[in-house]
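Structure record follows, encoded as structure tokens.
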Amino acid sequence: MKDLVQIFKALGDETRLEIVNMLRGRQLCVCEIIDAFKLSQPAISHHLKILRQAGVIDDAKEGKWVFYSLNPEAFRLIEAFLTQIQIRRLGEVEARGKPCLPYQIQQEEEEE
């Protein structure tokens, strides 16, 4: 669960989501990512670091260039988590528990 928390935190930023979208199905050099934004190189590097530390992206060095790509395992974790939620929601019919005491008192007063 800790991995998922880190992944969702990393994806909870518009710039990082845009970077992830750019990386769908391809590998990009850091300079290509920087060119797509009106942000400084240090700002983009910070976003890439957060995504890398959360396991959302991988990096590969070739000479002095760094190329980034999506880490499929992170998205398998997200998919499995969302599938579990969907299965539970579709398949479970749970009886409601007792309402909390303040709610129950309010309901009794309204019925009187």
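General observations
- All helices (runs of 4 or more DSSP H) inside the range 1-85 with 1 or more residues being surrounded by fewer than 10 Cβ atoms within 10 Å (Cβ to Cβ): 2-11, 14-22, 41-53
- VAL56 satisfies every condition listed in (1) modelled with pLDDT under 95; (2) in contact with a helix residue (DSSP H, G or I) (Cβ under 8 Å, 6 or more places away or on another chain); (3) not hydroxyl-bearing (Ser, Thr, Tyr) except (1).
- Cβ-Cβ under 8 Å pairs, at least 6 apart or on other chains, the range 6-17 side within 24 Å of LYS38 (Cβ to Cβ), far side of a type in the set (S, T, N, Q) and assigned to a helix (DSSP H, G or I): ALA10/GLN53
- Residue satisfying all of: in the range 49-69; farther than 19 Å from PHE8 by Cα and among the charged types (D, E, K, R); farthest from the chain's Cα centre (by Cα) among these: LYS64
- When the test is whether a residue is over 12 Å from the mean Cα position of the chain (by Cα) and not hydrophobic (A, V, I, L, M, F, W, C), ARG16 does not pass it.
The values are calculated or read from the model by the stated rules, or taken from the named source; none is laboratory data. Keep in mind it's a predicted model, so treat the numbers as computed, not measured. Every residue, glycine among them, receives a Cβ derived from its backbone with ideal geometry; neighbour counts consider all protein chains shown.
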